[in-house]
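A.B. asks: Pasting in a structure now, in structure tokens, and then I'll have a few things to ask.
None of the figures in this text is laboratory data; all of them are computed from the coordinates on show. It should be emphasised that the depicted structure is a prediction, and the values quoted were computed from it without experimental measurement. Positions of Cβ are backbone-derived with ideal geometry, glycine not excepted, and every protein chain shown enters the neighbour counts.
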Amino acid sequence: MLRSREGQLVIGAAVLDDILGIVILAVVAALAMGEGLSAEPILQLVGSAWVFVVVALVLSPTAAPAFGGLLDQLRAPGVVVAAFMVLSLACFTAQAFGLEAALGAFDGGLVLRSSKHRHAIKEAVQPLVAHFATVFFALIGSGLKLALLNPFNPANRAGLVMAAFDGAWTLGWGALPSAPC
């Protein structure tokens, strides 16, 4: 189903949504740190994110077989370690280009999804995700500064508007109407 026209459209929309979410996150972070809002850094971030994702999509058909060949030559059962190294390299590369590490992890996932070892990676990582997802969300929640959510403070309003926009977009209110199939 993913190789169908509709499946590719859904994946393309998901990629677009993720990139827009990262851009909105960067804008909100800049506003929270007291930086002004200007178009040039936002456009540069959007352009860099698009280039980064397109490069990952172009390299995916060649990088995934190379990754599989490397695992076959190593004859090691450590697919998780190798996948972690691919994701880490993608994260470090994204940060070197001034992008969020999450976009790098997303692009690393694009490469790994084409690997012949993707099922072994998924099976080995599921217990880790089950344990660490809870820790991740607890840490994110503990770092929340509730004072930034005060709408009566004029300095917080721009960030709250951006957060509301991101929430509306994530819930699908900003999505285009579906075309009849």
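A.B. asks: Could you order the peptides 102-109, 88-95 from most to least packed, using the average number of other C-beta atoms within 10 Å per residue? Spell out each step's value before the answer.
C.D. replies: On the way: 102-109: 21.1, 88-95: 17.1.
In descending order of packing, they fall as 102-109, 88-95.
A.B. asks: Quick check on segment 84-153: take the gyration tensor over C-alpha atoms, sort the square-rooted eigenvalues as a ≥ b ≥ c, and tell me if it's rounded (a/c under 1.5), prolate or oblate. Present the calculation step by step, with values, prior to reporting the outcome.
C.D. replies: Details: a/c = 3.50, a/b = 1.65, b/c = 2.12.
Judged from the Cα gyration tensor, segment 84-153 comes out oblate (a/c at least 1.5, b/c at or above a/b).
A.B. asks: Between Lys116 and residues 5 or more places away or on another chain, which pairs have amide H atoms under 5 Å apart, with H built 1.01 Å from N, and which residues are they?
C.D. replies: Gly68
A.B. asks: Determine ³J(HN,Hα), in whole Hz, for all residues of segment 94-109 in sequence, where each value follows from phi through the Karplus function 6.51 cos²θ - 1.76 cosθ + 1.60 and θ = phi - 60°; x replaces Gly and Pro.
C.D. replies: 4, 5, 5, 8, x, 9, 6, 4, 4, 5, x, 5, 4, 5, x, x
A.B. asks: Which shape class, rounded, prolate or oblate, goes with segment 49-89 when its Cα gyration tensor gives a ≥ b ≥ c as root eigenvalues, a/c under 1.5 marks rounded, and past that a/b bigger than b/c marks prolate? Can you show the working numbers first?
C.D. replies: On the way: a/c = 4.74, a/b = 1.88, b/c = 2.52.
Note, shape of segment 49-89 comes out oblate.
A.B. asks: To the nearest 20 debye, what charge dipole does segment 5-170 have about its Cα centre, counting +1 at the Cβ of each Lys and Arg and -1 at the Cβ of each Asp and Glu?
C.D. replies: Values: 8 positive and 10 negative charges, 73 e Å.
The calculation lands at about 360 debye.
A.B. asks: Towards the positive end of the charge dipole of segment 5-170, with charges on Cβ (+1 Lys, Arg; -1 Asp, Glu), say which of His117, Gly141, Val58 has the farthest Cα.
C.D. replies: Sorting the options by dipole projection puts first His117.
A.B. asks: Arranged by the count of other C-beta atoms within 10 angstrom, fewest first, what order do Arg113, Arg5, Arg118 take? All intermediate terms of the calculation are to be shown ahead of the outcome.
C.D. replies: Details: Arg113 13, Arg5 8, Arg118 16.
The order, fewest Cβ neighbours first, is Arg5, Arg113, Arg118.
A.B. asks: What percent does the relative contact order of segment 5-170 come to when contacts are Cα pairs within less than 8 Å and at least six residues apart? Provide the component values of the computation, followed by the final result.
C.D. replies: Working: 110 pairs, mean separation 44.5, N = 166.
Computed over segment 5-170, the figure is 27 percent.
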